[in-house]
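Q: Sharing a structure, written as structure tokens. Questions coming.
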Amino acid sequence: MTTQNAALKKWVDEVSKLTKPDQIYWCDGSENEYQRLIKEMLASGDLIELNQRTYPNCYLHRSDPSDVARVEHLTFVCTDNEEDAGPNNHWMAPADAHAKMRALYDGCMKGRTLYVIPYCMGPIDSPYARCGVEITDSPYVVVNMKLMTRMGKDALARIEQEGRFVKGLHSTGDLNPDRRFIMHFPEQLEIQSFGSGYGGNALLGKKCHALRIASWQASQEGWLAEHMLIVEIENPQGEKRYIAAAFPSACGKTNLAMLIPPESYKGWKIRTIGDDIAWLHLDAKGQLRAINPESGYFGVVPGTNPKTNKNAYDSIQHDTIYTNVATTADNEPWWEDKKSGTPAIDWKGRPYDPANGPAAHPNSRFTVPAKQSPCYSPLADDPAGVPISAIVFGGRRRELAPLVYQSKDWKHGVLIGASCASETTAAATGAVGVTRRDPMAMKPFCGYNFADYWAHWLSFADRSDNLPEIFHVNWFRQDRDGKFLWPGFGENMRVLKWILDRCEGQVGAQDTPIGYLPLAADLDTAGLQINNSDLASLLQVDKAQWIEELDAVGEYFDEYGDRLPEALRREQEKVVNNLS
Ligand code: OXD
Ligand code: MN
């Protein structure tokens with residue numbers, strides 16, 4: 001296979017001259033190709049067969065122990081003008097980045113196969129979808145891209161028709177962390193990644209294309225590329241509503257997208273459109289519509305069990321690639337909080353010894369096709385996307401943020417998104433549990449200056465008077481003894497119900513300076529072990545703490561200098577004044 005697209009052909013030729021692979025292979029995306037690559041990786045030891053009787057077509061990949069998460073400190077946005085990347089990104093001059101990467105790529109595929117992966121982010125026939133081509137020397141990347149994207153022949157046909165695609169070049173290199181870089185060139189629609197074979201560093205369709213490059217493309221073209229799940233909620237009358245929610249990595253997006261309503265919500269159904277990324281476009285009527293650019297899930301495994309996320313748990317019983325989990329004596333995959341089995345071999349392949357730490361790496365992952373989930377919504381394939389009623393921001397906050405509140409209007413909602421902070425998790429290398437600013441859960445993923453990004457968000461109010469309502473949630477509030485005040489998981493349905501009721505004007509609210517909060521009587525806590533004082537704490541707004549928080553937000557905004565939209569500054573000042 002090759003292509004009629006001259007630019008693509010030329011680029012593949014140039015890359016192969018530089019990287020000097022033994023052979024070039026164009027991926028067609030077929031099942032045969034997938035199975036052949038799996039066999040080759042079993043033979044080479046890149047994959048390990050799991051118990052085929054209990055976990056049919058499931059395999060384990062162990063990544064290099066130094067290569068287990070996204071590497072934000074080695075991720076760069078290389079715009080001509082440093083200001084365009086903004087203080088939220090590491091910047092490198094494009095010429096320097098190209099020179100550095102050329103030296104690393106020189107001869108890096110000797111003895112390897114160069115795989116060309118044409119892919120489409122979004123339903124193949126959607127006007128909202130965008131295509132890319134990833135060149136890689138990793139068959140593990142190819143099989144993951146097959147599960148995560150619409151990859152192969154159909155994508156190539158669309159690229160040949162449209163003539164436009166994002167170029168992503170990836171090599172695992174020698175996995176030396178000192179020679180690891182993830183470079184983005186938004187102005188050229190290009191990505192270059194070297195020295196990592198892990199997740200978002202290597203599966204370039206995901207964070208690199210669908211968020212960093214796409215957020216920049218979206219700002220040019222008038223749409224939004226966001227780190228959001230998309231969930232379908234059907235009420236007992238059969239009416240469907242859609243919510244998009246942005247949470248930082250490993251804060252429960254997959255769990256919320258696959259929620260199972262509690263017993264008392266008989267007749268309600270939840271289905272998943274997406275668990276990580278949403279592309280949002282205004283339609284001709286000013287309705288915001290969302291597509292999920294991905295077609296699979298790359299989810300955090302630890303903590304997944306029939307109680308926390310039965311849908312995810314059931315999805316990963318077959319045809320799944322596991323990365324960095326432990327195994328049992330029966331060669332089944334095992335992870336912390338699986339609630340069954342015991343680990344025999346840890347994620348590094350050593351006999352399990354608790355003295356060595358967790359058996360599965362805290363950022364171990366499953367890769368699985370979305371269609372395998374029992375709660376998959378066929379509308380995930382709808383080229384027109386789904387209409388969004390509410391946008392929800394959130395994070396992991398021990399204190400301060402109440403369980404849920406609603407913004408006063410779009411502008412205030414943009415302030416709420418821009419002020420988000422959360423405790424860091426194992427999804428990225430670095431300290432865990434440190435609170436940091438994570439506006440719109442996009443800190444690691446916005447491919448341009450946050451100030452311009454917030455201006456772009458604000459501009460939607462000029463383009464539609466039919467925008468979704470904006471909310472903020474915090475499932476992670478704790479009492480003084482460190483006990484979580486809210487049960488979370490399926491019970492979050494109660495909060496989603498309040499959100500939908502607010503969107504339809506069916507319930508009142510307390511009007512506070514930070515936004516509209518539920519009246520205690522409207523938040524359904526029937527059957528939950530929450531006493532009145534816990535409920536009061538969940539809905540408490542401590543004015544002094546909030547003023548301190550908003551002052552910190554103000555200082556954070558100062559980092560953006562003159563580029564910060566005046567309207568955002570005014571919103572922040574307005575809330576502080578109302579609190580004082
Ligand atoms: C992810 C992440 O893998 O956000 O989705 O890190
Ligand atoms: Mn994510």
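The values are calculated or read from the model by the stated rules, or taken from the named source; none is laboratory data. Nothing here was measured: the structure is a model prediction, and the numbers come from that model. FYI the Cβ positions are ideal-geometry reconstructions off the backbone, even for glycines, and counts take in every protein chain you see. Ligands, DNA and RNA are excluded from the accessible area calculation, which covers all protein heavy atoms including side chains. Shrake-Rupley method; radii C 1.70, N 1.55, O 1.52, S 1.80 Å.
Q: Take the residues in the stretch 430-441 that are within 14 Å of ligand 1 (Cβ to nearest atom) and open to solvent by less than 70 Å² (accessible area, probe 1.4 Å); name whichever of them is nearest to residue 68 (Cα to Cα).
A: That would be 430.
Q: Then there is this: Looking at 453, 405 in this structure, which one is in contact (Cβ under 8 Å) with a residue 12 or more places away in the chain, under 21 Å from residue 79 (Cβ atoms), away from ligand 1 (no atom under 16 Å from the Cβ) and open to solvent by less than 20 Å² (accessible area, probe 1.4 Å)?
A: Criteria check complete, one pass: 453.
Q: OK, next. The conditions are (1) of a type in the set (Phe, Trp, Tyr); (2) buried (at least 24 other Cβ atoms within 10 Å of the Cβ); (3) away from ligand 2 (no atom under 14 Å from the Cβ), and residue 297 fails exactly one of them. Which is it?
A: With respect to (1) of a type in the set (Phe, Trp, Tyr); (2) buried (at least 24 other Cβ atoms within 10 Å of the Cβ); (3) away from ligand 2 (no atom under 14 Å from the Cβ), residue 297 is out only on (3).
Q: Let me ask something additional. Quickly run through the stretch 52-84 and pick out the residues that are in contact with a helix residue (DSSP H, G or I) (Cβ under 6 Å, 6 or more places away or on another chain) and more than 16 Å from ligand 2 (Cβ to nearest atom).
A: 61, 66, 77, 78, 79, listed by residue number.
Q: Could you go through the stretch 318-338 and let me know if any residue there is within 16 Å of ligand 1 (Cβ to nearest atom), open to solvent by less than 10 Å² (accessible area, probe 1.4 Å) and closer than 20 Å to residue 228 by Cβ.
A: Checked against the condition, which is being within 16 Å of ligand 1 (Cβ to nearest atom), open to solvent by less than 10 Å² (accessible area, probe 1.4 Å) and closer than 20 Å to residue 228 by Cβ, the stretch 318-338 yields no hits at all.
Q: Turning to a different aspect of this structure: Could you check the stretch 225-279 and list, in sequence order, the residues that are more than 14 Å from ligand 2 (Cβ to nearest atom), under 22 Å from residue 382 (Cα atoms) and of a type in the set (D, E, K, R)?
A: Answer for the stretch 225-279, where residues must be more than 14 Å from ligand 2 (Cβ to nearest atom), under 22 Å from residue 382 (Cα atoms) and of a type in the set (D, E, K, R): 232, 234, 239, 240, 241, 269, 271.
For every residue, the table says whether it meets (1) within 16 Å of ligand 1 (Cβ to nearest atom); (2) part of a helix (DSSP H, G or I); (3) among the charged types (D, E, K, R); (4) modelled with pLDDT of 95 or more.
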site	(1), (2), (3), (4)
141	yes, yes, no, yes
156	no, yes, no, yes
208	yes, yes, no, yes
212	yes, yes, yes, yes
217	no, yes, no, yes
237	no, no, no, yes
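Q: Those residues that are away from ligand 1 (no atom under 12 Å from the Cβ) and assigned to a loop (DSSP other than H, G, I, E, B), I need them from the stretch 194-206; list them, please.
A: Listed by number, the residues that qualify are 195, 196, 197, 204.
Q: Restricting the stretch 459-473 to residues that are open to solvent by less than 20 Å² (accessible area, probe 1.4 Å) and outside any strand (DSSP E or B), which is farthest from residue 218 (Cα to Cα)?
A: Going through the qualifying residues, I end up with 468.
Q: Looking at the stretch 376-388, which of its residues are in a loop (DSSP other than H, G, I, E, B) and out of contact with any Asp or Glu (no Cβ under 9 Å at 6 or more places or on another chain)?
A: 382, 388
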